[in-house]
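Note sheet for the following structure.
A short reminder: the numbers here are calculations on the coordinates, not readings from a lab. Since we're looking at a predicted model, the values are computed, not measured. A quick note on method: Cβ atoms are made from the backbone with ideal geometry, for glycine too, and the neighbour counts reach across all protein chains shown.
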Amino acid sequence: MIGKRARFAQSGGKRKHACCHQPPNLLPLSSPIHPLPPMEQERAQPAAKRARLSPPPQPLAAGAGPEDRLSALDDATLHAILARVPLRDAAATAALSRRWPPVFATLPRLVLGPATFNRRGFPDEDDEDRCEDPGRWMDALRRVLDRRAAPVAALEIDSRFMRLHCNWFSKVFRDFFCNGGLLELSIANTDYTDTECCALPFAVYACTALTSLDLYNCWLRMPSKLTGLRALRSLRLRNVIATDADLIRLIRRGSAMEHLEIHDVHKARSITIHAPCLKKLDIYSYRPLCISAKKAPPLDMVRLSLSYGLPEHSWSLHDTDDTGRQDADHEMEEVLDFKKMAEREHKHTDEIRNMMSFLCGLTSTKELRLHLSTEYCEVVSMSKAWKLKSLPMKSYLLGLNSLSLVLDHNHDVLSTLVSCLLNSSPNLKDLRITELRHPGSPVPLAAEFWEEQINAGGFLNHLSRVTYYIDSLFDGHRCGGICKFLVMNARVLKKMSIEYHHSQARPEHAAMLEAARREVHLWPTASADVLVELTPVDQLPFF
């Protein structure tokens, strides 16, 4: 009896993500490549093995023919040119003259996709990731690596062939790391299924020079002794499988890490972030996840997006604790019912406690963006009521200058969360709110509600700009709630911009639009020089 996930894999379908703002980007194997700057290229060459630079071109003798100005360029410029063409075409330049083979052999970045070594006339049938001949692909890659005259500084590779040639690829990675030149590594498994997830080669965990690691659809299995990854400054994990312990060890290992992105992580349920140099934290989760940052790293920007819709497309067999059992077919069908799996976990998760743990680690954060989907509203309603009007004093967001909220701020629980955030951000200057509503949303909250919830001092003495994005300007004048309260109470407010979709600015809407404009201009203002405006926009801002 074939289970749901097996049928999905047989259908050839690719996993879809239920992200409310944007699906995760796949590894950009076919996009333009930005070469490393000359300083980075030079640093990529270890002392033991410098790149064999091609000799400078000699001036042409009189009457020798037209000047080859392209070949006359320096190696760094030629590298930048070759980085913008497919690797197959870059390799073909070796046939132009004796000037070009050393240039290709020292190309600092290699981008290897399934179609990299296809014949030029091979019909891809609108599938740019289709490999014509795996044997040809492997042979071509071997020839490219055998002719290298300098270490590879950056490698982007699709891992679908790594399972078939795991021993050879393990040796390749060891050679890369032993040469000491590999600074950036990106591995994507675009042929992912639950049973065939690509495990990250152990050689990667031993790399001491790696500064950037980007993994898509990989399984993290940390060795008992971790010897590398101290130099990591950027870690990007998308749709990876990892336990809590392995993920925490990996993050903590990168003591110099400045950028951390976690976009869907299976198996893990609680992540503690130890990263004293972290500047940017970006987390998206399709299921409940407890995240806490220790010792308040000096974060420039934090983005948290929680979207719990369509579990049949986002949940995995690895998200249950029953993966080690040998079940009968009918029992496995029950295990693979991801919608029921999600419902069970939602009932046993305290979302308010998770959010409190997350916010209390952001005391030094300068910019915070929260995207809480309408499905999240349904899950958070299962938790006990949010009673705090502010975070504990020691957890105040003293460094927060900019706050962006994409949520249903009229929801009973989320409205209290918004009040808590505002009351705990005494130095807030820029506030952006994008309204999320769905059928059955509560009646918009009036200004009087916010008057009771928000403290009279604090951020109201510093807030200078508010941008409010609204779906429908004429449906009960919903901007008259929190917007009106802020105009009436923010003492140094310079601008209140209420933005609506341009489709509402048609001639038949002119009278209603003018009535709405008159209304907002009649609001009492706490700041003498505040500008309140209604502005049409083509689309809501991207989160």
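Here each label is just a point 7 Å from Cα along the line to Cβ, and for residue 464 and residue 277 those points are 3.2 nm apart.
Measuring r between the beta carbons of residue 255 and residue 353 and using R0 = 35 Å, the FRET efficiency lands at 0.75.
Taking a 30 Å limit on the Cα-Cα distance, which of the listed pairs 340/384; 267/294; 339/484; 279/384; 280/339 fall beyond it? If you can, show how the numbers build up before the last one.
Details: 340/384 22 Å; 267/294 22 Å; 339/484 41 Å; 279/384 33 Å; 280/339 33 Å.
Those over the limit are 339/484; 279/384; 280/339.
For residue 367, what is the net charge nearby, where nearby means another residue's Cβ is under 10 Å from its Cβ and Lys, Arg count +1, Asp, Glu -1? Net charge in that neighbourhood comes out at +2. Measuring r between the beta carbons of residue 190 and residue 456 and using R0 = 56 Å, the FRET efficiency lands at 0.55.
Restricting the calculation to Cα atoms, the range 253-310 yields a radius of gyration followed by a Dmax of 11.7, 37 Å. Between residue 505 and residue 398, the distance separating the two model label sites (each 7 Å from Cα on the Cα→Cβ line) works out to 4.4 nm.
Projected label points at residue 472 and residue 269, each 7 Å from Cα along the beta carbon direction, are separated by 4.1 nanometres. Given R0 = 45 Å, the distance between the Cβ atoms of residue 443 and residue 225 translates into a calculated FRET efficiency of 0.15.
Full extension from residue 208 to residue 81: what is 0.36 nm times the residue separation minus their Cα-Cα distance, to one decimal in nm? Working shown, then result.
Values: separation 127, 0.36 × 127 = 45.72 nm, distance 2.96 nm.
Answer, rounded to one decimal: 42.8 nm.
Computed extension length for residue 130-residue 73: 17.0 nm, one decimal, from 0.36 nm per residue of separation with the Cα-Cα distance subtracted.
Look at the alpha carbon pairs under 8 Å that are at least 6 residues apart: their mean separation over the length of the range 209-257 gives a relative contact order of 46 percent.
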